[in-house]
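The values are calculated or read from the model by the stated rules, or taken from the named source; none is laboratory data. A quick note: this is a predicted structure, and the numbers were derived from the prediction, not measured. When we count neighbours, we look across all protein chains shown, and the Cβ atoms used for this are built from the backbone with ideal geometry, even at glycine.
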Amino acid sequence: MPLDFPSRAPADMPRELADLAADRDAMIDEQLDEMLPDAERPYNVKTLEALAKAVQRVAKLFGLAAELEQYSEPSVRLDDDLARFLLMIEAAADDYGKGFPVKMTELKGDKELTLITAHLMELAADEDFKRFLEADEDEGAGETEVEIEIKRDGDEMEREDYDFGARMR
């Protein structure tokens, strides 16, 4: 895995909720596979590494730490974690008014990844983008307690209050 986003699930997260979150992540990965096209030719290792470094820089703006690992071979698919984070950045960039030069659903090869990498580097250096992200974070600030009820195979489980915001910090 070229980018590794350490697990952010708090230790006090109920086991049932952690299992549901893992199931949801697997479902999202399947949707990504269907949504994002394979490259026409395998992405070059250097192109993938440059993209991963750019994503790492933007991840810092989101308050996330991403650990880089070396790519060992070309690939026709983006890593699931990398693709997921790129889609999140793409949505934020669209909201900011400076969307990606190429939509993620239109990736074909190294040329498109290079354009996106350059755009990510610009976003990472853009102080207004950083303030935009901080403003979004401030709007969502505050503790949000949500009452959840987990049912599995018709059995009703204990109701718990859980702070979803803590998982995202």
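Of all residues in segment 77-121, those satisfying the criterion of being farther than 21 Å from ARG131 by Cα, among the acidic types (Asp, Glu) and part of a helix (DSSP H, G or I) are ASP80, ASP81, GLU106, ASP110, GLU112. So is LEU133 touching a strand residue (DSSP E or B) at 6+ places or on another chain (Cβ under 8 Å), modelled with pLDDT of 90 or more and either part of a helix (DSSP H, G or I) or within 23 Å of VAL45 (Cβ to Cβ) (or both) or not? When the stated conditions are applied, LEU133 does not pass them.
Checking the structure you have, find out if any residue of segment 67-79 is more than 13 Å from LEU113 (Cβ to Cβ) and at pLDDT 90 or above. So far as segment 67-79 goes, yes, one or more of its residues are more than 13 Å from LEU113 (Cβ to Cβ) and at pLDDT 90 or above.
Total residues in segment 42-76 satisfying the condition of being loosely packed, with under 15 Cβ neighbours inside 10 Å, in a helix (DSSP H, G or I) and of a type in the set (Gly, Ala, Ser): the figure is 0.
Of all the numbered requirements in (1) at pLDDT below 95; (2) under 20 Å from MET121 (Cα atoms), PHE100 misses one, and that requirement is (1). ALA18 passes every criterion in (1) loosely packed, with under 12 Cβ neighbours inside 10 Å; (2) at pLDDT 75 or above apart from (1).
The set of residues in segment 80-99 being surrounded by 16 or more Cβ atoms within 10 Å (Cβ to Cβ), farther than 16 Å from GLU112 by Cα and within 8 Å of the chain's Cα centre (by Cα) consists of ASP81, ARG84, PHE85.
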